[in-house]
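See structure below.
The values are calculated or read from the model by the stated rules, or taken from the named source; none is laboratory data. What you are looking at is a predicted structure, and each value in this text was computed from that prediction instead of being measured. All Cβ positions, even for glycine, are placed from backbone atoms using ideal geometry, and neighbour counts span all protein chains on display.
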Amino acid sequence: MSDESREGRAAAFVSHLRGLADAEDRGALAALRRSLQSSSGMAMTACPHVVPWLRVESSEWEQKCFFLIAALFALHPEHEDSVSIGHAFRRINDETAEGRQGGDNESTRARFVALLDAHADDVAEHLRHAVSLARSKGVAIDWYRTLRDLLDWRHESRRVQRRLASEFWRESAVSRVLRSDSETAESETER
């Protein structure tokens, strides 16, 4: 399958999910969430909303990814373009006492590192915790990007994990520099 075909199906799928949330289709969202409780990760009640977006020859991994993203979206249907899981963790961290002082909250960082280290067999549980945390903190997620990242999670170069790490820690370093520059400018203005 070409990347364009996969990208197009992924975008259309997330658009479908967002349509369910926009229509406030609570029954459909509940059906999707049931996949989180299924040992297979695929609740039969979710099939009408997921299977049409899968190719007949979709791999088991691709099917798991689509079902997982549908279930997680139903758990937290807030979407914001360009907010990866790395960005979401950075936003969550920056709202902690340590984050407001330019540091990393130990608990937030530990959860993020555990997600980055997660094997493909375990990533669903770590993502569920990450999305639950984002929901509790009111941080929206780019679901299309998250689906693409999950589909590529198993890549041997770990490019997804490296990019997410960069988005989390690079933003931290940039915000510290900007905050320091701002504080320096304020102190010079006061003189």
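With the requirement that a residue be part of a helix (DSSP H, G or I) and among the small types (Gly, Ala, Ser), what does segment 96-105 give you?
ALA97, GLY99
Does segment 136-149 hold any residues that are under 12 Å from the mean Cα position of the chain (by Cα) and not in a loop (DSSP other than H, G, I, E, B), and which are they?
ILE141, TRP143, TYR144, ARG145, THR146, LEU147, ARG148, ASP149
Residue by residue, here is whether (1) part of a helix (DSSP H, G or I); (2) within 24 Å of SER59 (Cα to Cα); (3) modelled with pLDDT under 95 holds:
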site: ALA114; (1), (2), (3): yes, no, no
site: ALA120; (1), (2), (3): no, yes, no
site: ALA134; (1), (2), (3): yes, no, no
site: PHE168; (1), (2), (3): yes, no, yes
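Could you check THR108 against (1) surrounded by 13 or more Cβ atoms within 10 Å (Cβ to Cβ); (2) modelled with pLDDT under 95; (3) outside any loop (DSSP other than H, G, I, E, B) and say which number it fails?
Result: THR108 fails condition (2) only.
When you check GLU188 against the structure, is it acidic (Asp, Glu), over 30 Å from TRP61 (Cα atoms) and either modelled with pLDDT under 95 or touching a Ser or Thr at 6+ places or on another chain (Cβ under 8 Å) (or both), yes or no?
Criteria met by GLU188.
Looking for something touching a strand residue (DSSP E or B) at 6+ places or on another chain (Cβ under 8 Å), within 20 Å of ALA140 (Cβ to Cβ) and of a type outside the set (Lys, Arg) - is there at least one such residue anywhere in segment 106-123?
No: zero hits.
For segment 129-152, enumerate the residues that are charged (D, E, K, R) and either in contact (Cβ under 8 Å) with a residue 60 or more places away in the chain or touching a Gly at 6+ places or on another chain (Cβ under 7 Å) (or both).
ARG135, ASP142, ARG145, ARG148, ASP149
Criterion first (charged (D, E, K, R), within 15 Å of LEU127 (Cβ to Cβ) and out of contact with any His (no Cβ under 7 Å at 6 or more places or on another chain)) does ARG33 satisfy it?
When the stated conditions are applied, ARG33 passes them.
How about segment 141-154: which of its residues are farther than 17 Å from ALA11 by Cα and either in contact with an Asp or Glu (Cβ under 6 Å, 6 or more places away or on another chain) or crowded, with 16+ Cβ neighbours inside 10 Å (or both)?
TRP153
When segment 119-128 is examined, which residues are found to be without any contact (Cβ under 8 Å) to a residue 40 or more places away in the chain and surrounded by 13 or more Cβ atoms within 10 Å (Cβ to Cβ)?
If the condition is that a residue be without any contact (Cβ under 8 Å) to a residue 40 or more places away in the chain and surrounded by 13 or more Cβ atoms within 10 Å (Cβ to Cβ), then VAL123, GLU125, HIS126 are the ones that fit.
So, restricting to helices (runs of 4 or more DSSP H) that lie completely within segment 1-95, which ones have at least 3 residues that are buried (at least 21 other Cβ atoms within 10 Å of the Cβ) and at pLDDT 95 or above?
Hits in segment 1-95: 3-22, 26-33, 60-75, 85-94.
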